[in-house]
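Just below is one structure, and these are the notes that go with it.
The values are calculated or read from the model by the stated rules, or taken from the named source; none is laboratory data. Every value quoted in this text rests on a predicted model; they were computed, and no experiment measured them. Counting neighbours? That spans all protein chains shown, and the Cβs are built from the backbone with ideal geometry, glycine included. These accessible areas exclude ligands, DNA and RNA; they are computed on the full protein's heavy atoms, side chains included. Shrake-Rupley method; radii C 1.70, N 1.55, O 1.52, S 1.80 Å.
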Amino acid sequence: MNVPESSAPRDHHQAQQPGTTIGVYPRAVLNELPAYVAGKPSGEVPGLRSYKLSSNENPYAPVPAVIDKLAELFSAAPTEDHERPAGEILNRYPDTMYTALRQELGATLDVDPDDIVIGAGSLGALTQLVSTLAGTSADGTRDEVIIPWRSFEAYPIVVLSAGAQDIRVPLLADGRHDLQAMADALTPATRMIMLCSPNNPTGPVLTTAEVDEFMAKIPADVLVVLDEAYVEFIEDPQAVNGLEFFARYPNAAVVRTFSKAHGLANLRIGYALVHPDLMPHVRVMATPFATSTIAETAAITSLQNLDQVHKRVAIVQQQRRWVLSELHAMGIQVPESSANFFWLDLRERTPEFVQKAATWGLSVRGFGQEGVRVTIGEAEANERLLQMVAEFFNVSR
């Protein structure tokens, strides 16, 4: 649907007549929004188990303690007065401040719980930040948000929806941020800069040294947000550490999620670290009851069992190292990924690869004519993927 170029108020409104075409129309900015394309499951292939490698999901379930805690939550015995039946939690609103989770995160990360805001996934927390800082001024000019590109495809959607303008700075040839170009893109209208480490969908991390050099070029009134959705999968000791980054810079914020390493994608819970001077304004923009007590309970329990979470992460890391080494052995060059996925720079062959994978019972995430992102999945899925890649490129393993 095309949206009218201007959605400014009309001089007068005509009454809607029964049976006529609807006259209500959305904001014109919707014409600018790219569509968010979620990863799709593979279709059924006779004789093959299908694997979804298109959404960067953790192939492993949450730790057993989380499952047990949620079962306990729903099967709790009624109190003596029988006024609290099992499952009552569903008809009560959550604590809108998610105090228990913020306290658990504060203890786990060694940060002040008051510096933590909980959102519906890291994207929910990021949306609060963007809505707080960037939009359209009274004179109609747009604030600007600098983003690496290609990166997380929701960035332009969130920025444009807020009424601001996204400034996309192309990645380097190796899939890394071009930090110098991002600094050069600064204008008086810049309000925010997004950094993504590891970068989704290409996989490389930012190093502490290069981020420190970058921050020396950024004005104090520009917020730099570090998106660490995949931080738990990083093994590179030189990678920027979000907690240290946040502690070092007053104009820094960090967003993280429980969707990936913790395996809680369906519960939609994440958080942001925000400095005290900005936090009251961010809380004003919060969606009340953005997530649930169920999600909060699962996140707390997962934090209390980090040793088991790390064991699951270690399996994914081992599989990632193996897959990348196999690809390199076949002569297939991919960016050095520190996430639970990798990137194939296939350009015009992207649709062909996606279709080929589907015939092997594998769904992967294609990005137009740019390339393909493949999630590290179960061992069998990874082995099948490598076999398919060898056939696609006509190389031997």
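Descriptive notes on the structure:
- The conditions of being of a type in the set (Asp, Glu) and not in a helix (DSSP H, G or I) are not met by GLU348.
- Residues in region 296-333 that are over 20 Å from ARG268 (Cβ atoms) and in contact with a His (Cβ under 8 Å, 6 or more places away or on another chain): none.
- Of the helices (runs of 4 or more DSSP H) lying entirely inside region 265-342, the ones with 3 or more residues being open to solvent by less than 20 Å² (accessible area, probe 1.4 Å) and under 26 Å from ALA38 (Cβ atoms) are found at 293-303, 306-329.
- Matching option when the condition is under 20 Å from ALA154 (Cα atoms) and open to solvent by less than 20 Å² (accessible area, probe 1.4 Å), among PHE258, PHE233, PHE245: PHE258
- Enumeration of residues in region 353-362 that are open to solvent by 10 Å² or more (accessible area, probe 1.4 Å) and touching a residue at least 12 places away in the same chain (Cβ under 8 Å): VAL354, LYS356, ALA358, THR359, TRP360
- Residues in region 275-288 include none that are under 19 Å from VAL63 (Cβ atoms) and of a type in the set (Ser, Thr, Tyr).
- Qualifying residue in region 150-160 (condition: of a type in the set (Val, Ile, Thr) and out of contact with any Asp or Glu (no Cβ under 8 Å at 6 or more places or on another chain)): yes
- Qualifying residue in region 351-359 (condition: modelled with pLDDT of 95 or more, within 22 Å of the chain's Cα centre (by Cα) and hydroxyl-bearing (Ser, Thr, Tyr)): no
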